[in-house]
Amino acid sequence: MSNKNYENLGFLTRSVHTGNGVDKETGAIQKPLTLANSYELPYDPSEVNWSSADKNLYTRNGGTNQQYLQEKIASLEGGEDCVILASGVAALSGLFFAMLKSGDHVIFSSITYIAVYRLLNELFKNKFGVETTIVNTSDLEAVKKAIRPNTKLIHIESPGNPTLSISDIEEIAKIAHENNALLSVDNTFASPFNQRPIELGADFAVESLTKYINGHGDAMGGAIVGKKKYLDIVRAESQVNLGATISPFNAWLIMRGSVTLPLRMRQHNKNALEVAKFLKTVKGVSFVAYPGLEDHPNHDIAVKQMENGFGGVLSFGLKADHDTYNRVVSHLQLITSAVSLGHDESLIVFLGENDERQYLYPEEFHNGFFRLSVGIEDTEDIIADLKQALEKENLL
């Protein structure tokens with residue numbers, strides 16, 4: 001079957017087939033790992049553009065495994081084109097570097113990944129003279145009020161890390177475009193199985209491929225999806241000249257992991273919802289933040305834009321002091337204390353009271369909380385592990 005026909009097939013089929021195919025040289029039915037960092041030049045290389053990303057030349061400019069993965073991620077996100085870089089942060093910084101210049105204004109969500117906060121609130125503002133405004137993007141009126149004549153980009157994250165806030169992608173896209181601005185959406189917490197920002201009107205979808213799309217906790221990568229006219233700028237300025245190119249091996253690993261994305265996400269979605277419902281019943285739990293719960297303040301928007309489920313991450317607090325949080329983690333036997341998310345295994349991290357962005361979080365988060373990335377283990381085993389750990393601290 002030709003790759004040209006894949007776009008008309010279902011999400012599961014595209015997860016398996018897009019970017020893959022029979023290797024012409026060997027006949028292998030999987031695209032091989034190509035570890036070369038350099039490719040054969042044409043007969044007369046004198047007219048070669050050494051910074052070109054259009055053809056295989058030098059792997060910093062782009063390589064074959066990267067190209068296979070870019071084709072797949074563009075398809076899964078419903079976008080025209082894709083650039084794959086070395087990490088999710090490389091994708092974010094690469095997008096900002098390519099799209100922004102001194103004097104531009106950026107609006108970004110008050111709930112975002114720490115690297116976004118640092119990039120936009122500190123580095124781009126202080127080093128390059130980019131104006132930035134932090135906004136609660138769950139509030140559409142606040143977004144509208146923050147618009148300036150020089151607003152170039154609105155960047156949001158939905159669900160937001162780590163409070164699971166929800167922003168209305170479709171409505172914010174309208175606000176951006178009415179004001180000649182672009183909208184980028186960090187889609188990492190949702191994954192393209194649950195939510196596709198491009199189809200909701202966003203100009204860019206950004207993914208940390210390290211998380212759900214890879215899904216196995218063994219490779220790092222990041223993706224920017226959008227229109228080719230913008231991504232060609234990203235390739236020229238951020239990939240070739242900043243050099244944050246993904247390694248062929250990591251691209252190959254993520255390509256392999258992405259095949260099972262829809263199957264894994266179904267289990268993540270199911271498990272996280274059941275765990276969130278369980279935690280709501282625990283006397284020692286002070287709050288549970290998960291967009292799949294009906295009492296989430298933006299549950300209706302999540303239902304509207306997250307078509308298959310609400311992801312595998314939730315946050316919750318305890319009616320307990322700092323040390324008790326750490327003791328609860330020490331009692332866990334199945335769930336691992338580690339950063340990151342979207343792994344096959346469940347991961348938990350205690351976020352204490354001294355986070356520099358604490359002032360931006362809802363009040364219930366101010367005394368510390370857990371962020372739990374619910375894995376694909378048996379639901380009953382995850383809940384049993386939480387029960388026994390909470391019970392040892394008389395919180396059950």
Tell me whether segment 86-105 contains one or more residues that are out of contact with any Gly (no Cβ under 9 Å at 6 or more places or on another chain), at pLDDT 95 or above, under 20 Å from F11 (Cα atoms) and not small (G, A, S). no
Given (1) outside any loop (DSSP other than H, G, I, E, B); (2) over 15 Å from the mean Cα position of the chain (by Cα), A223 misses just (2)
Assess whether L33 counts as being of a type in the set (A, V, I, L, M) and within 26 Å of the chain's Cα centre (by Cα). yes
Would you please name the residue that is farthest from S102 (Cα to Cα), looking only at residues in segment 112-134 that are touching a residue at least 60 places away in the same chain (Cβ under 8 Å) and of a type in the set (A, V, I, L, M, F, W, C)? I114
Exactly one of these conditions fails for G103: (1) over 20 Å from R357 (Cα atoms); (2) touching a residue at least 60 places away in the same chain (Cβ under 8 Å); (3) among the small types (G, A, S). Give me its number. (2)
Within segment 121-135, the count of residues that are farther than 16 Å from A176 by Cβ and out of contact with any Asp or Glu (no Cβ under 8 Å at 6 or more places or on another chain) comes to 9
Criterion first (touching a residue at least 24 places away in the same chain (Cβ under 8 Å) and touching a Phe, Trp or Tyr at 6+ places or on another chain (Cβ under 7 Å)) does R357 satisfy it? yes
Tell me, which residue of segment 22-35 that is touching a helix residue (DSSP H, G or I) at 6+ places or on another chain (Cβ under 7 Å) and of a type outside the set (S, T, Y) is farthest from E77 (Cα to Cα)? L35
Condition met for V206 (in contact (Cβ under 8 Å) with a residue 12 or more places away in the chain and surrounded by fewer than 24 Cβ atoms within 10 Å (Cβ to Cβ)): no
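The values are calculated or read from the model by the stated rules, or taken from the named source; none is laboratory data. Given the structure is predicted, the values throughout are model-derived calculations rather than measurements. Neighbour counts are summed over all protein chains in view; Cβ atoms, including those assigned to glycine, are modelled from backbone coordinates with ideal geometry.
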